[in-house]
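Q: Take a look at the following structure, please.
The values are calculated or read from the model by the stated rules, or taken from the named source; none is laboratory data. Computed from a predicted structure; not experimentally measured. No Cβ is skipped: glycine too gets one built from the backbone with ideal geometry, and neighbour counts run over all protein chains shown.
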Amino acid sequence: MKKSLVCFVFFLASASCFAQFGLKAGINFNSNGELREVVTAGENILEDRGDAKIGYHFGAYYNIDIGKLYLRPEVVYTKTKSDYGSSSYDMSKIDVPLLLGIKVIGPLSLFAGPSFQYTLDNDFENSTISEVRNDITVGVQAGAGVKFGNIGLDVRYERGFSENEATILDSNNIQIGTLDSRPSQLIFSLSFQL
């Protein structure tokens, strides 16, 4: 046990020699999921994928280079918005992607990996919405990036895997629909290595 602990500490110490810390921010173009069976005054929506709107994100990353490969865990605050008919759905969450990347050529790299989401808040305009069923869900992110010195640009796609419904209630707390809050978003980021 002692030997394993010493090896693990040695690995972390040597990995930190090649680690790069940084900050990132950007915009996301997203859809928050499918709305089902909503009936409101003068409007009956049986199923709607929603109109994607622009959101934003900011956070930090830790990059560990391993030759042409790298590991990149991130912690990111994300705000998303989608419109469904005359109402909009807002969600704020903490995303924790764990990405594995490969440096392809020059400043270009490709990456992919799981993304864990923790829902902080959700709001459906003109109606009451319950908390999502699961606060923590899993998705996947994949994309490409370029790095010029300390500045990086990347574009990635994120898709949620775990179904995560919220119930929409009318003013009398009667269920009028459900919203599958899995994200499907295109993410553009600017990063700065410290």
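Q: Within the stretch 49-98, take every residue that is buried (at least 21 other Cβ atoms within 10 Å of the Cβ) and among the aliphatic types (A, V, I, L, M) and give me the one that is modelled with the highest pLDDT.
A: Step by step, filter the stretch 49-98, then rank; the result is V76.
Q: Looking at F116, is it over 30 Å from N172 (Cβ atoms) and touching a strand residue (DSSP E or B) at 6+ places or on another chain (Cβ under 9 Å)?
A: The answer is yes for F116.
Q: Okay, moving on. What pairs come out if I take residues in the stretch 17-35 that are within 18 Å of G139 (Cβ to Cβ) and pair them with residues that are basic (K, R) and at pLDDT 95 or above whose C-beta lies under 8 Å away, six or more apart or interchain?
A: Filtered contacts from the stretch 17-35: no entries.
Q: Also: Pick from D95, D121: which is part of a strand (DSSP E or B) and under 22 Å from N173 (Cα atoms)? Break it down into steps so the answer makes sense when it comes.
A: Values: D95 fails: under 22 Å from N173 (Cα atoms).
Among D95, D121, only D121 is part of a strand (DSSP E or B) and under 22 Å from N173 (Cα atoms).
Q: Suppose we filter the stretch 170-193 for residues that are acidic (D, E) and part of a strand (DSSP E or B); how many remain?
A: Matching residues across the stretch 170-193 total 1.
Q: Then there is this: Would you check which residues across the stretch 150-169 are surrounded by fewer than 17 Cβ atoms within 10 Å (Cβ to Cβ), outside any strand (DSSP E or B) and touching a residue at least 40 places away in the same chain (Cβ under 8 Å) and list them?
A: N150 - this is the single residue of the stretch 150-169 that is surrounded by fewer than 17 Cβ atoms within 10 Å (Cβ to Cβ), outside any strand (DSSP E or B) and touching a residue at least 40 places away in the same chain (Cβ under 8 Å).
Q: Moving to a separate point now. What about T128, is it among the polar types (S, T, N, Q), modelled with pLDDT under 95 and under 14 Å from the mean Cα position of the chain (by Cα)?
A: No: the conditions fail for T128.
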